1. Strictly over 21 Å apart at the Cα level, which of A:K41/B:K37; A:K55/B:K99; A:K14/A:K55 would you flag in this model?
2. If you place +1 on the Cβ of every Lys and Arg, -1 on the Cβ of every Asp and Glu, and leave all else neutral, what size is the dipole of the protein assembly as shown about its Cα centre, to the nearest 20 Debye?
3. Quick one: the Cα spread of the range B:16-103 along its three principal axes, in angstroms, biggest first?
4. For B:W35, A:W10, what's the largest-to-smallest order of accessible area, 1.4 Å probe?
5. Assuming 1.002 mPa s and 20 °C, estimate D for the range B:1-43 with Stokes-Einstein, Rh taken as the Kirkwood radius over Cα pairs, in µm²/s.
6. Given the whole protein assembly as supplied and a 1.4 Å probe, what does the accessible area of A:D27 come to in Å², nearest 10?
7. Counting only protein heavy atoms, probe 1.4 Å: which residues of the range B:91-112 lose 50 Å² or more of accessible surface in the full assembly compared with their chain by itself?
8. Tell me the carbon and sulfur percent of the accessible area for the protein assembly as shown, rounded to whole percent, probe radius 1.4 Å.
Amino acid sequence: GAVVSQHPSWVICKSGTSVKIECRSLDFQATTMFWYRQFPKQSLMLMATSNEGSKATYEQGVEKDKFLINHASLTLSTLTVTSAHPEDSSFYICSARGRRGTFMNTEAFFGQGTRLTVV
Amino acid sequence: GENVEQHPSTLSVQEGDSAVIKCTYSDSASNYFPWYKQELGKGPQLIIDIRSNVGEKKDQRIAVTLNKTAKHFSLHITETQPEDSAVYFCAAIESNTGKLIFGQGTTLQVKP
């Protein structure tokens, strides 16, 4: 399968600061990236979808000014949690779908996830 | 939109036995159904998927079946091993948006 690399794997930050999480597709062009949030023992909750070069589309209830998503290239998307608060503590996971050459993949591949703890 | 229901929420089997996880979906136009395995503290890993033009797909000890009429699909793991213990998620692609909609997850425990 394709490789999606997400960094950092964990981060601790103070309330009020911002945190940036990176998601890279290493061996394919990620035309679409998805960002999820996962609470303990729960399923993945889609936060937003971004297409390369376009503004992200946020799911209902997700604050776009708090969770800034940038997808400026076909191999990199970033999620910035601004003015983080303890309630933002969670497991954040990116996923990428794209193409290798002229073949468009339906499959979505996930990064390793980032454990964010806001203290 | 798409809605995916997954059962059971937990499943415990003895090593060597088979495990079956079932999912139903609501969007009759969905055409792609992946299964993911998630280990603790890691991102989901695609283990097998099936498209709507086939009824069954197998990869070694893992198989997936799809019944389009009934709108359900299942994951079958044979000869289970302790390393199969994880949380398994089914998903279906929402036809009008391309989003992956996930089931609630199944925690599989394989006892040695």
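1. On the way: A:K41/B:K37 14 Å; A:K55/B:K99 16 Å; A:K14/A:K55 28 Å.
Distance filter (> 21 Å) returns A:K14/A:K55.
2. Numbers: 23 positive and 22 negative charges, 64 e Å.
Value, rounded to 20: 300 debye.
3. Cα spread of the range B:16-103 along its principal axes, largest to smallest: 38, 28, 17 Å.
4. On the way: B:W35 0, A:W10 160 Å².
Sorted descending by solvent-accessible area, the residues read A:W10, B:W35.
5. Details: Rh = 13.0 Å.
Estimated via Stokes-Einstein, D reaches 165 µm²/s.
6. 70 Å²
7. The answer is B:K99, B:L100, B:F102 - residues whose exposure falls by at least 50 Å² when every protein chain is included.
8. On the way: 5640 of 11320 Å².
After summing per-atom areas, the C and S share lands at 50 percent.
The values are calculated or read from the model by the stated rules, or taken from the named source; none is laboratory data. Model, not experiment: these values are computed from the prediction. When we count neighbours, we look across all protein chains shown, and the Cβ atoms used for this are built from the backbone with ideal geometry, even at glycine. Each accessible area value is taken on the protein alone, full model and side chains, heavy atoms only, with ligands, DNA and RNA left out. Shrake-Rupley method; radii C 1.70, N 1.55, O 1.52, S 1.80 Å.
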